[in-house]
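Okay, structure first, notes after.
Laboratory data are not the source of any read-out in this text; all were calculated from the coordinates shown. Not measured: the values here are computed from a predicted model. We place every Cβ from the backbone using ideal geometry, glycine too, and count neighbours over all the protein chains shown.
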Number of protein chains: 2
Amino acid sequence: MDLSYYMPTKLLMGENVVEKNKSIFSIYGKSALIVTGKNSAKSSGALDDVINALNSYKISYTVFDKIMPNPTVDVVYLGASVAKENNCDFVIAIGGGSPMDAAKAISALTKNNVSKEDVFNSSKYHDIMPMIFIPTTAGTGSEVTQYSILTDDKNETKTSIASTLFFPNVALLDAKYMKNLGRATTINTAIDALCHAIESYLSKRNTSVSEIFSLEAIRLIAKEFNNLKKYDLDYNSRSNLLYASSLAGIAIAHTSTVVVHVMGYPLTYYRDIDHGRANGLVLLQYLYKVNESYPDKINRLLEALNLTSLKEFDNVISSLLGEKENVSLDEIKKFASNSMKKKNVSNSIVELTENDLIDMYSNVFLK
Amino acid sequence: MDLSYYMPTKLLMGENVVEKNKSIFSIYGKSALIVTGKNSAKSSGALDDVINALNSYKISYTVFDKIMPNPTVDVVYLGASVAKENNCDFVIAIGGGSPMDAAKAISALTKNNVSKEDVFNSSKYHDIMPMIFIPTTAGTGSEVTQYSILTDDKNETKTSIASTLFFPNVALLDAKYMKNLGRATTINTAIDALCHAIESYLSKRNTSVSEIFSLEAIRLIAKEFNNLKKYDLDYNSRSNLLYASSLAGIAIAHTSTVVVHVMGYPLTYYRDIDHGRANGLVLLQYLYKVNESYPDKINRLLEALNLTSLKEFDNVISSLLGEKENVSLDEIKKFASNSMKKKNVSNSIVELTENDLIDMYSNVFLK
């Protein structure tokens, strides 16, 4: 049994967790950079909760709310310059994967002189500001991973920086911040978390310990399939999805993702398809491939999903995603070629060629 | 869903894990204090492996091999003075629970001026030396907990110091160090790990996340019951027990133990009964009590154990423990009174009086 486990983030979850644990902010600094997007931090109520907590400990703060979906390299450099100008000594991220991933890069760029050419080179980072993360979606798992995923225009895709420095110090999880999420965001983020868990389980790097997290996340998300479909999610369901997304995050922190995420990135980069949705569109294609070589692994997956066949699972995911986009064969060829450059393709438990990827995309979009 | 999760130790497991990860020692310092007992570090081969690793990075070291079973307060002060005299800047613990627990206190006492009267007061510790732990038994889980448990002569028991500083930086797990363990030690440590997992699961502080670890540990140890009984344990079985003991350790890091450990301590303190065995002797009494109020919880436990009744489980444990010690009613009354002073009694999911504890001890030793 060879395995490794490392996940140093302190995870606190519960109703009003920010208010109940407000003293935690005072441990990490005197001047916070709050990294967030345009809306979700405000509309979820999380920003108000954080500001109240900071005020009660007289911690000053600067709000940097310029993070767009699929954040660019430029915006994290801008964030780092704002942090330096304001002498911030710790970072609070509020939002989905985009603000959280951007916050990691901002925290690192504030403490290290790294050129834009080297931004994806994790060996350039030696220090980082302390980070407290508050997710407002239940998908990315960024609050418990060492990954910062940014738009990589040079390689026309999204690329990950991985460094153990990037684990946040604290993640504060409260499902109340998800209660106003729209149907599409709720479903897409849940599918993203489900893909994390399934890809981790079907990764070459899967171990006894990563599997504890991935299979539990799969079980929890599967229990919410009906509620997701009806878009009828109470606090308890939202909590289950949030908790599952963190468990799935812990799983990929140990295995990384595989071909599903790789094939999803071009759909997002070139066609602006939401990240979670992009993964969900191609997920089943990977499972059908794996089933040819590892039917036992797929049977264990189906057991965790509480389903009896991949076809049944395909129907669940298809009904959650609704009508598919039109993608041409020329686009598919470009996406497949682009995907083959990513190292996580070879992290999949079945070997895949460029033609396999073309077939997989074609099965989704041309049939 | 209220929960918290924090376990910052990096866990690395595999055959020849020390040799394969020897560069890790160079990260933490230039002069190591190796904390161990009289024999197990040497006989297991772990000490040689560590010294080879240190030599290859020219890291100096001092071997402090004075840790006895159930280590005293005096021995950890002695260890700290040896660390200071030799300018040690990090600690390597090799052994079972006694060297590991002692190493935590030594690492802390080297960096903080704390009087012997205050040794159990965790608020007195503000800094600690980095620690690398190498277990040579599969029971304590100390390599992944914040607890240091020492003999407490003032209160005539064993008492725990709990501090998040006490999580080791790294735990290196290799089942080859267990291959020469005798039958009694193997069984007693496996039962200790099983008690950790079961007590955590039946603790008031049990959560969705602690339960992932406790139930998986229970499943893994139960699979080895037959091999334990026959004392027929190959590398794979030893690995399963070692991995399970770490999972059980992660579980109690979040919940602590309950009345079983509390009732075990006087058996060890006054009668020198091995720690794991002491817990095993009283374990079933707690389960019978819990079953009166929470039969569903016991059914889930039995499912994880792959057994059908508590009586069947009782038979498994009894056959592993063999003949019981003679303990008189007068001793039992003293042990019960002593146990009631421990806060972890109230951490049990059923309320227990001193008379309950007298009955529970009596069921074990007087019937």
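The HN-Hα couplings worked out from phi for the stretch A:41-46 by the Karplus form 6.51 cos²θ - 1.76 cosθ + 1.60 (θ = phi - 60°) are 4, 6, 5, 6, x, 5 Hz, whole numbers, x standing for Gly and Pro.
With all projection directions averaged, the alpha carbon convex hull of the protein assembly as shown covers 31.2 nm².
Work out the FRET efficiency for A:GLU85 and A:ARG183 from their Cβ-Cβ distance, taking R0 = 56 Å, and round it to the nearest 0.05.
Numbers: r = 39 Å, r/R0 = 0.71.
With R0 = 56 Å, the Cβ-Cβ based efficiency is 0.90.
The distance between label points at B:ASP48 and B:THR308 comes to 4.9 nm (points 7 Å beyond Cα on the Cα→Cβ vector). Largest first, the extents of the alpha carbon coordinates of the stretch A:167-235 on the three principal axes equal 36, 31, 16 Å.
Among B:ASP330, B:ASP118, B:ASP152, a tally of other beta-carbon atoms within 10 Å of each Cβ gives an order, fewest to most, of B:ASP330, B:ASP118, B:ASP152.
Starting from the label point of B:SER26 at 7 Å along Cα→Cβ, the same points in the other copies fall at 4.3 nm, in ascending order. Once the GluC sites (Glu not before Pro) in DSSP loops with at most 11 neighbouring Cβ atoms within 10 Å are cut out of chain A, the longest remaining piece is A:1-322. What separates the A:PRO69 label point from its copies, with the point 7 Å along Cα to Cβ, is 6.4 nm, written shortest first.
When Rg and Dmax are taken over the Cα atoms of the stretch B:10-107, they come to 12.8, 36 Å.
Give me the percent of DSSP beta bridges within the protein assembly as shown that run antiparallel, rounded to the nearest 5.
Details: 21 of 65 bridges.
Of the beta bridges lying entirely in the protein assembly as shown, close to 30 percent run antiparallel.
When every alpha-carbon pair in the stretch A:212-296 is counted, what percent end up more than 16 Å apart? That fraction is 65 percent. In 10 Å bins starting at 0, how do the alpha-carbon pair distances of the stretch B:267-367 split up by percent? Each 10 Å bin holds this share of Cα pairs: 14, 46, 34, 6.
The alpha carbon convex hull volume per residue for the stretch B:113-266 rounds to 123 Å³. Treating chain B as a set of equal point scatterers at the Cα positions, no solvent, please give the Debye-formula log₁₀ I(q)/I(0) at q = 0.15 Å⁻¹. Listed by q, the Debye log ratios stand at -1.32. Extending 7 Å from Cα along the Cβ direction at B:ASP296 and again at A:ILE27 yields two label points whose distance is 3.4 nm. Relative to the other identical copies, B:ASN306 shows label-point distances of 2.5 nm, where the label point lies 7 Å from Cα along the Cβ direction and values run shortest first. Each stretch of four or more DSSP H residues adds -39500 (n - 2.57); spread over every residue of the protein assembly as shown, this sum gives -16500 deg cm²/dmol at 222 nm. In the stretch B:182-365, Rg over Rh equals 0.94, where Rg is the alpha-carbon radius of gyration and Rh the Kirkwood radius from pairwise Cα distances. Per-residue Cβ neighbour counts within 10 Å put B:THR145, B:THR110 in the sequence B:THR110, B:THR145, beginning with the fewest. Between amide H atoms placed 1.01 Å from N, distances below 5 Å from B:LEU173 occur with B:LEU12, B:MET13, B:GLY14, all of them 5 or more places distant or on a separate chain. Here, P(r) means the percent of Cα pairs in each 10 Å bin from 0 to the largest distance; for the stretch B:10-177 it is 11, 45, 35, 8, 0.
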